[in-house]
1. Which numbered condition in (1) under 26 Å from Ala236 (Cα atoms); (2) at pLDDT below 85 is the only one that Asp410 fails?
2. On the basis of being open to solvent by 60 Å² or more (accessible area, probe 1.4 Å) and within 23 Å of Gly425 (Cβ to Cβ), does Ala232 make the cut?
3. Considering every residue within segment 450-470, establish whether at least one is assigned to a helix (DSSP H, G or I) and at pLDDT 90 or above.
4. Of the numbered conditions (1) in contact with a helix residue (DSSP H, G or I) (Cβ under 9 Å, 6 or more places away or on another chain); (2) not in a helix (DSSP H, G or I), Ala58 satisfies every one except a single condition; which is it?
5. Might you check whether a residue that is open to solvent by less than 20 Å² (accessible area, probe 1.4 Å), touching a Ser or Thr at 6+ places or on another chain (Cβ under 6 Å), touching a residue at least 12 places away in the same chain (Cβ under 8 Å) and not polar (S, T, N, Q) occurs anywhere in segment 375-386?
6. Given the criteria assigned to a helix (DSSP H, G or I) and surrounded by 14 or more Cβ atoms within 10 Å (Cβ to Cβ), does Met219 qualify?
7. Before we move on, is Ala287 open to solvent by less than 30 Å² (accessible area, probe 1.4 Å), under 20 Å from the mean Cα position of the chain (by Cα) and modelled with pLDDT under 90?
8. Given the conditions (1) at pLDDT below 90; (2) in a helix (DSSP H, G or I); (3) not charged (D, E, K, R), and given that Ala182 satisfies all but one, which numbered condition is not satisfied?
Amino acid sequence: MTRPRRTRTAAVLAAFAMTGCANLSPDPAFEEVAAVVNERSGLRIHWNQGTDEDARVAAAVDALLSKELTADTAVQIALLNNPSLQATYASLGVAQADLVQAGLMRNPIFDTVLRFPESGGPVSWDIGLAFEFLSLFTLPLRKKVAESEFEAARIRVAGAVLDHAVETRTAFYGYQAAMQSAEMLRQVAASTQASHQLSKQLREAGNITALALAQSRGMAEQARIDLADAEAATMAAREELNIFMGLWGPQTVWKAANRLPALPSAEIDLDKVESRAVERSLDLALARQNLVTLGRQYRLTKATSLVPDFEVGVEAERGDRMWETGPGVSFALPLFDQGQARTAAAKAAISGAQNEYEALAVRVRTQTRAVHRNLLSSRQKAAYYEEVILPLRQRIVAETLLHYNAMQLDTFQLLLAKQQQIDAGRRHIQSLYDYWVARSNLEQILSGRMPPERAGAMAAQFTPQMQAQKGGH
C-alpha cells in the first residue's frame with residue numbers, strides 16, 4: 001500500500017457540502033460600516049456595485065454640486081463619490097471571502113496508481129481517498145480567528161471613511177482660506193495701484209521725492225506678485241479638493257463661499273472630552289480586536305503544536321483480480337519540533353500587542369488634550385484679531401493718512417502702516433483657518449478616530465504660503 005494522504009468519512013463529506021454554501025456577500029458588513037459612519041458623523045456612504053442605487057447616488061451628488069458647497073456638503077460628496085474609498089470598500093469582500101474560506105474543510109484528495117510488473121503478469125491498481133483529519137477539529141478555531149480578522153477589517157474601513165472625511169473638510173477650509181487671501185490681496189493690489197497713480201501726480205507737481213515715488217511703485221508691484229501667487233495657490237487648493245471629492249470634467253465647475261466661516265457662537269461640548277475620545281476610539285477598538293485575534297491564533301497554535309499534521313486515509317489495491325482495502329494513518333512525530341518556538345512567538349506577539357494598546361491609549365488621551373487646547377487657543381486668537389488687531393490697524397492707517405496729508409509724516413511711514421494692516425489681515429485669515437482645522441480635528445477624535453497625519457500636514461500647508469507673501473514686502 002502507498003502512503004495514505006487525506007480522507008473523509010460520510011459525515012465529514014456532508015459537513016463539507018454544508019460549509020460550501022457559506023455566504024460570500026460582503027453587503028451586510030458594509031451596511032454595518034455605513035451605520036457606524038452615520039452614527040458618528042451623520043454622513044452617508046455608498047458602495048458602487050452596478051445597481052440601480054448607483055444612479056440615484058450619482059444624481060444626489062449632482063444635486064449637491066448644483067448648489068454652493070459648504071464643508072459638510074463637500075465631505076458628503078467625497079464619501080459618496082471618491083474612487084479611493086470605493087477601493088477601500090472592496091477590502092470587505094476580501095475579508096468576507098477569507099472568513100468563508102476559514103470555515104471550509106480542506107478538499108479530500110483522490111489518488112490512483114497503476115503498477116506494471118517487469119516480469120509480466122496482471123497490472124495492479126491502487127486507489128485512495130485521504131484527508132487531513134486534524135483540520136476537522138481545528139476548523140472552529142480557524143473560523144474564530146477569521147471572524148476576529150473580519151471584525152478588524154470592518155473597523156479599518158470605518159476608520160478610513162472618517163479619515164477621508166476630515167481630510168476633505170481640511171482641504172475645503174484650505175481652499176476657502178486661499179480664496180479669502182486672494183480676495184484681500186486683490187483689493188490690496190487695486191489700492192496700491194491707485195496710490196501709485198496718485199504718487200505719480202504728486203511727483204509731477206513736485207510735492208513728493210523720487211524716493212517716495214519709487215517706494216510707492218515697489219509696493220504696487222509687490223502686491224501684483226502676491227496676488228498672482230495667491231491665485232495660483234487657490235487653483236492648487238481647488239484641484240486638491242476635487243481629488244478628495246472624486247470630481248472630474250463638468251463636475252469640477254462648482255462654487256463655494258470665498259471666505260472662511262465666522263467663529264461660531266457655540267463651541268463643541270468640551271465636558272469630559274478626554275474620556276469621550278477614549279470611549280469612542282476606533283483606533284483603540286482596532287487594537288483590542290488585534291488582541292482578540294492574537295489570542296485566538298495562540299489557541300490554534302497550541303492545538304496544533306504537537307501534531308501539526310495528522311492524516312487519515314483509506315486505500316484500495318487490486319491485484320490478481322481481487323481488491324484489498326484498509327485504513328491508514330500518518331502524523332509527524334514531535335521529536336524535534338514540539339511547537340515551542342511557535343507558542344513562544346505567539347505569546348510574545350500578545351505581550352507586544354498589549355503594550356501597544358496601552359501606548360495607543362496614552363496617545364489618544366494626549367492628542368485629545370493637545371487638540372482641545374489648540375481649539376481654545378485658536379478661537380481666542382481669531383477673536384482677538386477680529387475684535388482688537390484689525391480695528392486697531394485700520395485706525396492706525398487712517399490716522400497715518402491724516403498726518404501724511406498734513407505733511408507731518410513721509411510716504412515710507414504711510415506705506416509701512418498699510419503693510420502692517422495687510423499682514424494683520426493675513427494673520428487673521430490664518431487664525432480662522434487654524435481654528436476650523438482644530439475644530440475638525442477635535443470632531444474627528446470625538447467621532448472615534450485620531451486625525452490622520454495628512455490632515456496635520458495640510459493644516460500647516462497654508463502657513464508657508466502666507467509667510468512667503470508676507471516676507472515679500
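1. For Asp410, the exception is condition (1).
2. Numbers: open to solvent by 60 Å² or more (accessible area, probe 1.4 Å): yes; within 23 Å of Gly425 (Cβ to Cβ): yes.
In short, yes.
3. no
4. With (1) in contact with a helix residue (DSSP H, G or I) (Cβ under 9 Å, 6 or more places away or on another chain); (2) not in a helix (DSSP H, G or I) applied to Ala58, the lone miss is (2).
5. Within segment 375-386, the first condition is being open to solvent by less than 20 Å² (accessible area, probe 1.4 Å), and the residues that meet it are 375, 378, 382.
Those still in the list that are touching a Ser or Thr at 6+ places or on another chain (Cβ under 6 Å) too: 382.
Applying the additional criterion that residues be touching a residue at least 12 places away in the same chain (Cβ under 8 Å) yields 382.
This time we only want the ones that are not polar (S, T, N, Q), so: 382.
Scanning segment 375-386, I find at least one residue that is open to solvent by less than 20 Å² (accessible area, probe 1.4 Å), touching a Ser or Thr at 6+ places or on another chain (Cβ under 6 Å), touching a residue at least 12 places away in the same chain (Cβ under 8 Å) and not polar (S, T, N, Q), so the answer is yes.
6. Spelling it out, Met219 is indeed assigned to a helix (DSSP H, G or I) and surrounded by 14 or more Cβ atoms within 10 Å (Cβ to Cβ).
7. yes
8. Just one mismatch for Ala182, condition (1).
The values are calculated or read from the model by the stated rules, or taken from the named source; none is laboratory data. Computed from a prediction, not measured in an experiment: that's the story for all the values here. Don't worry about glycine lacking a Cβ; one is built from the backbone with ideal geometry, like all the others, and counts go over all protein chains shown. These area figures cover heavy atoms from the full protein model, side chains too; ligands, DNA and RNA do not enter into them. Shrake-Rupley method; radii C 1.70, N 1.55, O 1.52, S 1.80 Å.
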